[in-house]
Structures are given as structure tokens and as C-alpha cells.
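The next block holds one structure in the form of C-alpha cells; read it before the comments.
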Amino acid sequence: MRPYSEREKSTFPWSATPKPTTVMNKETLIRRVAAEPGLTIRAVQPVVNALFEQMAASLPDGDKIAVSSLGTFFLKERPAHTGYDPHRRMRITIPACKSVRYAVSPSLLRRLRERYGTTDE
């Protein structure tokens with residue numbers, strides 16, 4: 001069997017170089033907001049921290065957090081249901097719980113579809 005040429009290798013789907021992804025964590029958010037003219041990291045950091053603290057304190061109380069250009073965060077009740085434990089090979093009961101959900105806003109969805117296209121409508 002002959003070896004593959006460089007041109008052939010470049011067409012393999014697993015040989016494509018993955019695009020680097022960036023993670024927007026709290027520190028990155030603070031630095032990007034502080035990059036705006038007239039703002040400093042020292043001025044932005046307490047505001048961002050207070051914002052996230054208020055969001056984290058509001059969700060357990062059942063409040064919805066709606067940001068018109070971003071989306072809505074809310075709690076959803078998950079009922080108790082039966083699951084399967086593959087290690088013990090038996091059915092188990094998973095208790096009811098609440099989980100945080102996110103619904104994207106129509107304006108953000110529109111911007112994402114304009115930028116990246118869409119396959120569903």
C-alpha cells in the first residue's frame with residue numbers, strides 16, 4: 001500500500017486543525033469591559049461581581065433573569081423519574097430537583113444565524 005500524499009492527507013476530516021476556542025470567564029469579561037474608554041479594571045470588577053452575586057441570589061428564589069439582548073435564565077422543576085445504573089445493572093429512582101435553564105433571546109438568535117447561518121428554521 002502506497003503512502004498518502006500531503007494533498008490526500010489534507011482532505012482527511014480528522015486531519016483538520018481545530019479552531020482555537022476562547023472561554024469568556026469572569027476575568028476575561030472584566031478585562032474586555034475595562035478596555036472601553038474611561039473604564040478601569042478596578043472600577044469594573046466590583047460591578048461585575050455584584051451583578052453575578054445578584055443573579056446567583058435571585059435564581060434560587062424562583063426569579064427569572066431576563067436580559068433583552070442575551071436571553072432568560074430561570075429555574076425548572078424536574079420531576080422524579082426512573083433511570084438506569086449501568087454499573088449495578090438495575091433501575092434506580094432519580095429524585096425530583098430544580099435546575100437552571102437558559103432560553104436564548106430572539107435578537108441574539110438572529111445575530112448568530114446571520115453570522116454562522118442556520119440549518120433549521
TODO: For segment 33-73, enumerate the residues that are in a helix (DSSP H, G or I), in contact with a strand residue (DSSP E or B) (Cβ under 8 Å, 6 or more places away or on another chain) and open to solvent by 70 Å² or more (accessible area, probe 1.4 Å).
DONE: 60
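The rows are residues; the columns are (1) touching a residue at least 12 places away in the same chain (Cβ under 8 Å); (2) among the charged types (D, E, K, R); (3) not in a helix (DSSP H, G or I).
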{"residue": "84", "(1), (2), (3)": "no, no, yes"}
{"residue": "88", "(1), (2), (3)": "no, yes, yes"}
{"residue": "91", "(1), (2), (3)": "no, yes, yes"}
{"residue": "100", "(1), (2), (3)": "yes, no, yes"}
{"residue": "103", "(1), (2), (3)": "yes, no, yes"}
{"residue": "107", "(1), (2), (3)": "yes, no, no"}
{"residue": "110", "(1), (2), (3)": "no, yes, no"}
{"residue": "113", "(1), (2), (3)": "no, yes, no"}
{"residue": "118", "(1), (2), (3)": "no, no, yes"}
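The values are calculated or read from the model by the stated rules, or taken from the named source; none is laboratory data. Note that the structure is predicted; figures quoted are calculated from it, not measured. Cβ coordinates were reconstructed from backbone atoms using ideal geometry, including for glycine residues, and neighbour counts include every protein chain displayed. Keep in mind that these areas ignore ligands, DNA and RNA; they rest on the heavy atoms of the full protein, side chains included. Shrake-Rupley method; radii C 1.70, N 1.55, O 1.52, S 1.80 Å.
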